[in-house]
Amino acid sequence: MASGLKQDISIGPNIKALRKKAGLSQRDVSAKLEVMGVPMTEDIMAKIEQGRYSVHISVLLALKQIFRANSFDVFFDGIHLKIVS
């Protein structure tokens, strides 16, 4: 039985903003991920930023290091759950 987390709210725009703030291209980030042992292509990185590809936890952990983020909160900045009552 396969199980995993599925992305239902995109954090892609936040990842893109963090990448740009770091002055890195999608190619730069995908290369850094590969060096860290996290399989990644420039195409998949683009799809992550577009919200068309679920972000794996291993990628999120590595991106936190690449972007030198103090916490994971930066990935979820401005994202809110709309609760319907």
Checklist entry - Among the residues of the stretch 52-72, which ones are within 18 Å of Lys20 (Cβ to Cβ) and either touching a strand residue (DSSP E or B) at 6+ places or on another chain (Cβ under 8 Å) or modelled with pLDDT under 95 (or both)? => result Val55
Checklist outcome for this item: Taking the stretch 68-85 and the residues there that are over 12 Å from Gly12 (Cα atoms) and part of a helix (DSSP H, G or I), the one that is least open to solvent (accessible area, probe 1.4 Å) would be Phe72
Checklist entry - Of the numbered conditions (1) at pLDDT 95 or above; (2) on the phi < 0 side of the Ramachandran plot; (3) open to solvent by 50 Å² or more (accessible area, probe 1.4 Å), Ile9 satisfies every one except a single condition; which is it? => result (1)
Checklist entry - So which residues in the stretch 44-67 are of a type outside the set (A, V, I, L, M) and closer than 20 Å to Ile9 by Cα? => result Lys47, Glu49, Gln50, Gly51, Arg52, Tyr53, Ser54, His56, Ser58, Lys64
Checklist entry - Considering the stretch 13-41 alone, what residues qualify as being surrounded by fewer than 14 Cβ atoms within 10 Å (Cβ to Cβ) and assigned to a helix (DSSP H, G or I)? => result Lys20, Lys21, Arg27, Glu34, Val35
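Give me a count of the residues in the stretch 42-67 that are farther than 18 Å from Gln7 by Cβ and open to solvent by 60 Å² or more (accessible area, probe 1.4 Å).
Matching residues across the stretch 42-67 total 2.
The values are calculated or read from the model by the stated rules, or taken from the named source; none is laboratory data. Here the structure is a predicted model, which is why all the values come from computation and not from measurement. In this analysis, Cβ positions are derived from the backbone assuming ideal geometry, glycine residues included, and neighbour counts consider all displayed protein chains. Ligands, DNA and RNA are stripped out before the accessible areas are found, and what is left, the full protein with its side chains, is counted by its heavy atoms. Shrake-Rupley method; radii C 1.70, N 1.55, O 1.52, S 1.80 Å.
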